[in-house]
1. Consider Arg148 against the criteria (1) closer than 17 Å to Gly46 by Cβ; (2) open to solvent by less than 50 Å² (accessible area, probe 1.4 Å); (3) touching a helix residue (DSSP H, G or I) at 6+ places or on another chain (Cβ under 8 Å); (4) not hydroxyl-bearing (Ser, Thr, Tyr): it satisfies all of them except one. Which criterion is unmet?
2. Hey, among Met184, Met219, which residue is farther than 22 Å from Arg138 by Cβ and touching a residue at least 24 places away in the same chain (Cβ under 8 Å)?
3. State which residue pairs qualify: first residue closer than 17 Å to Glu230 by Cβ and inside the stretch 1-16, second residue open to solvent by less than 10 Å² (accessible area, probe 1.4 Å) and part of a loop (DSSP other than H, G, I, E, B) in any location, beta carbons under 6 Å apart, and separation of 6 or more residues or different chains.
4. Among the residues of the stretch 46-79, how many are in a helix (DSSP H, G or I) and either open to solvent by 70 Å² or more (accessible area, probe 1.4 Å) or under 18 Å from Arg4 (Cβ atoms) (or both)?
5. Just give me the residues in the stretch 175-213 being outside any helix (DSSP H, G or I) and surrounded by 15 or more Cβ atoms within 10 Å (Cβ to Cβ), in sequence order.
6. Please go through the stretch 196-238 and pick out each residue that is over 14 Å from Gly15 (Cβ atoms) and of a type in the set (Val, Ile, Thr).
7. Output the qualifying pairs, or none if there are none: Cβ atoms under 9 angstrom, residues six or more apart or on different chains, first residue in the stretch 136-162 and farther than 19 Å from Glu230 by Cα and part of a helix (DSSP H, G or I), second residue among the basic types (Lys, Arg) and modelled with pLDDT of 95 or more.
8. For the structure I just gave you, tell me whether Val19 is open to solvent by less than 10 Å² (accessible area, probe 1.4 Å), part of a helix (DSSP H, G or I), in contact (Cβ under 8 Å) with a residue 40 or more places away in the chain and farther than 29 Å from Leu164 by Cβ.
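The values are calculated or read from the model by the stated rules, or taken from the named source; none is laboratory data. Source: prediction; values computed, not measured. Every residue, glycine among them, receives a Cβ derived from its backbone with ideal geometry; neighbour counts consider all protein chains shown. Side chains included, ligands, DNA and RNA excluded: accessible areas come from the protein's heavy atoms. Shrake-Rupley method; radii C 1.70, N 1.55, O 1.52, S 1.80 Å.
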Amino acid sequence: MNNRVAVILGPTAVGKSQVGLAVAQRLNAEIISGDSMTVYRGMDIGTAKPSLADRKLVPHHLLDILNPDEQYDVYRFQQEAGELIREINGRGKLPLIVGGTGLYIQALLENYDFAGRNAKNKKPQELCYRVYGLNMPRELLYARIGERVDKMLAEGLEGEVRGLLDRGLSSETASMKSIGYRQMLWYILDGMPYDEAVAKLKQATRNFAKRQFTWYRRMDYIKWLDIREERDYALAVEDICKDLVIAFDLV
């Protein structure tokens, strides 16, 4: 039997981590981050990285594996996530990818062939997968995005960015040009008014969510679950767990 893997994806701020953690606890799964930024050490607030408390509840993988000045790409994710999937399956547990980087997840599931670092071709399929997407009305999602940005700022996003600069990280590194860090740099280094930088951060995050939805349209195997109110998260967890038990014959 091919190696099994489940995926929970969706736009930023939709609640993937919340649902993923609950599913992992119910099914004794291990979580593999499917986010391109949570690999970086010291970039915790701006990436909405799972808390240390959550990581104690469920094993998490592909977090804090690189320094912020190192490069990470889809090929490396495909290789490392693939190895983790085989390893977790070998221990009789279910790997659960939780994240929103569509290219990374699609390249892994569809087994893009990166020979010569060219992803146009696909190799024979090696994974048996189930993919669940969390969907939300646009106005609710945008409200959650605004709340998330406010929470990041309250938790010390500005201080996190200043700390990275103080430790010698260049503002020109790819990681520092990501959403959240870039806008704080405009404020810290370029003198942009704070309120304007925050407004641009929220707008950039909303635009990012739109791009994520555009990418997910390429993945016609996603089973979408609608989130409209708080109780829908528990219903999503229930639906995902029931489906996985049947699909993968879990006990």
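1. Of the numbered conditions (1) closer than 17 Å to Gly46 by Cβ; (2) open to solvent by less than 50 Å² (accessible area, probe 1.4 Å); (3) touching a helix residue (DSSP H, G or I) at 6+ places or on another chain (Cβ under 8 Å); (4) not hydroxyl-bearing (Ser, Thr, Tyr), the odd one out for Arg148 is (2).
2. So the residue among Met184, Met219 that is farther than 22 Å from Arg138 by Cβ and touching a residue at least 24 places away in the same chain (Cβ under 8 Å) is Met184.
3. Lys16/Gly10
4. Within the stretch 46-79, the subset in a helix (DSSP H, G or I) is 52-57, 74-79.
This time we only want the ones that are either open to solvent by 70 Å² or more (accessible area, probe 1.4 Å) or under 18 Å from Arg4 (Cβ atoms) (or both), so: 52, 56-57, 75-76, 78-79.
Of the residues in that region, 7 qualify.
5. Within the stretch 175-213, Ser178, Ile179, Gly180, Met192 qualify.
6. Val198, Thr205, Thr214, Ile222
7. Val149/Lys202; Asp150/Lys202
8. Judged against the criteria, Val19 is a match.
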